[in-house]
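The structure appears right after this line, and notes come after that.
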Amino acid sequence: MKAALFDLDGVVFDTEPQYTIFWGSQCREFHPEHPGLEHEIKGQTLVQIYDAWFSGELTEKQPLITERLNRYEQQMDYVYVAGFEEYIAKLRKQGVKTAVVTSSNQPKMQAVYASHPEFRGLFDAILTSEDFERSKPDPDCYLKAAQRLGVEVKDCVVFEDSFNGLKSGRAADMYVVGLATTNAVDAILPLCDEVISDYQKYNV
């Protein structure tokens, strides 16, 4: 491994339970006929969620939901997944390049930087939704990350938790490590090369 490419939510930060709370409130308000929808949309980008569930008559509600989401993300707790800080420190000591590859946007990242001033220094590159044309599960984001770091696809390891993210890493022909922080082990296992619960005692 010459480069480790990390998704953000559910991979670097254990934030998925907080997003479930947010989307649960929105789904109950706008889709009361579909209980549990917040669990079905896990790992999807905002555009994908809007296209599938907030289009048509609900299109006019998108700015309101976006405003609510931006406010919510400013107040979220960004807690590292167990063992992450130690693991990435070890990778960087070994000369492995590191990058965040996330569908999050710049306003969200500003909240991350405010919460963790050290965050930028952990990575050689941070790619957000503004940096790629096609969202996960398309491999575009991970291929761009490899190019940005100057490494070959075969030398990259992807760390993902969502179905779309895992499919993206696979489509990029990279080694994929699945984190069972968002979905069950059995559910993500077919989409990755190995599954871990967190970074404690993990070596790759």
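Values as computed for the structure displayed
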{"read-out": "Normalised contact order of the chain, rounded percent, pairs of Cα under 8 Å and 6 or more residues apart", "value": "27"}
{"read-out": "Accessible surface, 1.4 Å probe, highest first, among residues His34, His116", "value": "His34, His116"}
{"read-out": "Backbone N within segment 120-155 under 13 Å of label point (7 Å from Arg92 Cα along the Cβ vector)", "value": "120-126"}
{"read-out": "Where only C-alpha atoms are counted, convex hull volume of the chain per residue in Å³", "value": "112"}
{"read-out": "Accessible area (Å², per residue) of the chain, counting only protein heavy atoms and a probe of 1.4 Å", "value": "48"}
{"read-out": "Whichever lysines have a C-alpha closer than 21 Å to that of Lys144, once near sequence neighbours (fewer than 8 apart) are set aside", "value": "Lys2, Lys97, Lys108, Lys136, Lys154, Lys167"}
{"read-out": "Spherically averaged projected area of segment 1-119 from its Cα convex hull (nm²)", "value": "8.1"}
{"read-out": "Stretchable slack from Ser115 to Gln48, in nm (0.36 nm times residue separation minus alpha-carbon distance)", "value": "21.4 nm"}
{"read-out": "For the chain, calculated [θ]222 nm from helices alone, where every DSSP H run of n ≥ 4 adds -39500 (n - 2.57)", "value": "-11500 deg cm²/dmol"}
{"read-out": "Kirkwood Rh, Cα atoms: Rg over Rh of segment 14-53", "value": "0.93"}
{"read-out": "Relative compactness, segment 28-78, computed as alpha-carbon Rg over 2.2 N^0.38 Å", "value": "1.18"}
{"read-out": "Accessible area of segment 116-186 belonging to carbon and sulfur atoms, whole % at 1.4 Å probe", "value": "48"}
{"read-out": "Listed residues Ala99, Ala82, Ala187, most fluctuating in the chain (Gaussian network, C-alpha, under 10 Å)", "value": "Ala187"}
{"read-out": "Cα-based Kirkwood hydrodynamic radius, segment 97-200, one decimal, Å", "value": "14.1"}
{"read-out": "Neighbour-limited loop hits for trypsin sites (Lys or Arg not before Pro), segment 151-204 (at most 14 other Cβ within 10 Å; DSSP other than H, G, I, E, B)", "value": "Lys201"}
{"read-out": "Rounded to 5, percent antiparallel among DSSP beta bridges of the chain", "value": "5"}
{"read-out": "DSSP-assigned coil residues among GluC sites (Glu not before Pro) in segment 134-204, each with at most 13 further Cβ atoms within 10 Å", "value": "Glu152"}
{"read-out": "Order by protection proxy (mean Cβ within 10 Å, highest first), peptides 121-133, 50-62", "value": "121-133, 50-62"}
{"read-out": "Total charge dipole magnitude, the chain, about the Cα centre, Cβ charges on Lys, Arg, Asp, Glu only, Debye to nearest 20", "value": "620"}
{"read-out": "Cα coordinate range in segment 94-147, projected on the principal axes (Å, largest first)", "value": "31, 30, 13"}
{"read-out": "Residue of Ala111, Ala145, Ala89 that the Gaussian network model of the chain assigns the largest fluctuation, springs spanning Cα pairs under 10 Å", "value": "Ala89"}
{"read-out": "For the chain, built as a Gaussian network whose Cα springs stay under 10 Å, the top-fluctuating residue of Leu149, Leu64, Leu179", "value": "Leu64"}
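The values are calculated or read from the model by the stated rules, or taken from the named source; none is laboratory data. These numbers come from a predicted model, not from an experiment. With ideal geometry, Cβ positions are generated from the backbone for all residues, glycine too; neighbour counts draw on all protein chains shown. Just the protein is used for accessible areas: all its heavy atoms, side chains included, with ligands, DNA and RNA removed. Shrake-Rupley method; radii C 1.70, N 1.55, O 1.52, S 1.80 Å.
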